Amino acid sequence: MAYYKHYGKQSFPVMTQRSKRKKDETIKYVTLECARGGKAWNKTSNVSKPWPTSKIDCRARMNVMFKNEKLCITLVFNTHNHVFSSRKARFFRCNREVNKSVRRVFDTNDQVGIQMNKSFQALVTEAVGFESVPFGEKYCRNYIDKARLLRLGKHGAQALLEYFRRMQYKNGDFFDIMEVDDEDRMRNVFWADARSREAYNYFGDVVTFDTTYLINRYGMPFAPFVGVNHHRQSILLSASLIPSEDTKSFVWLFKSWLDCIYRKAQNAIITDQDRAMKNVITIIFPTRDIDISCGTY
């Protein structure tokens with residue numbers, strides 16, 4: 001991916017079109033393509049006002065397969081059906097990257113009250129021009145907005161951890177996992193009380209899973225696992241707070257869920273139409289016949 005991004009940096013955006021991993025998480029194959037590949041799909045119901053899209057069915061791509069302990073290029077197609085603009089390369093999504101040193105400066109400035117426009121202008125001045133900065137001010141604002149969601153405030157993460165310890169003291173079957181990032185900020189939290197874990201043994205054949213947003217100061221997605229008891233009532237089996245609805249967060253969440261239920265996977269999962277969620281479910285439960293029913297419930 002790094003090689004193909006470097007190759008296309010001055011001409012076209014790059015994305016991963018498809019990939020597959022083995023059970024040991026090693027790459028089996030991957031297809032990298034121009035981000036303008038694929039056909040436009042209008043998701044809006046108003047056909048007279050379609051959503052803007054950059055998809056124009058560009059066929060440029062590169063296929064790579066793992067063979068004999070090596071990554072082998074099996075196909076290269078370099079013909080594009082659109083013009084290039086090297087001056088806009090820094091705006092490509094694949095090229096937007098805020099390194100750790102820049103993130104640390106933005107976080108520090110935000111916590112002491114320095115406005116984002118001043119922080120970004122200082123970065124541009126240090127880089128000697130906007131052309132040398134691989135992202136725009138809006139991208140930085142989005143990063144700070146997300147970083148603020150991960151801050152629990154003074155002693156907030158420690159207070160939550162102490163609460164979990166008290167619950168474990170009352171009942172040893174209480175289960176919890178907390179993950180922090182490099183800046184010691186909370187990223188993921190998963191918990192389930194003893195009653196919920198015991199209920200899974202009786203009513204865990206079919207589990208519904210979806211993410212929703214609580215109206216709180218953090219605004220983080222709330223991810224509950226829910227079952228149905230013999231009275232046809234919904235019962236909470238576990239709960240979690242995750243930073244975003246991406247593949248990395250879902251992988252962590254489902255691995256934590258498996259540890260919580262003693263790795264006794266359920267027979268069916270009812271979820272929504274999120275592609276990242278479906279891909280993660282098939283990765284985490286490869287040895288079980290999991291029925292993934294997609295649709296709003």
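What follows is calculated from the coordinates using simple rules that are stated; it is not laboratory data. Not measured: the values here are computed from a predicted model. With ideal geometry, Cβ positions are generated from the backbone for all residues, glycine too; neighbour counts draw on all protein chains shown.
Label separation (ALA194 vs ASN117): 5.8 nm, computed from points 7 Å beyond Cα along the C-beta direction.
Going down the list LYS20/LYS264; LYS170/LYS248; LYS23/LYS67; LYS22/LYS67, which pairs span over 21 Å between their C-alpha atoms?
On the way: LYS20/LYS264 25 Å; LYS170/LYS248 32 Å; LYS23/LYS67 16 Å; LYS22/LYS67 13 Å.
Going by Cα-Cα distance, LYS20/LYS264; LYS170/LYS248 fall outside the 21 Å limit.
Fewest Cβ neighbours within 10 Å first, please rank LEU32, LEU160 accordingly.
Working: LEU32 23, LEU160 17.
Taking fewest neighbouring Cβ atoms as first place, the list is LEU160, LEU32.
3J(HN,Hα) along the range 122-128, derived from phi through the Karplus expression 6.51 cos²θ - 1.76 cosθ + 1.60 where θ = phi - 60°, amounts to 5, 5, 5, 4, 5, 7, 6 Hz, with x in place of Gly and Pro.
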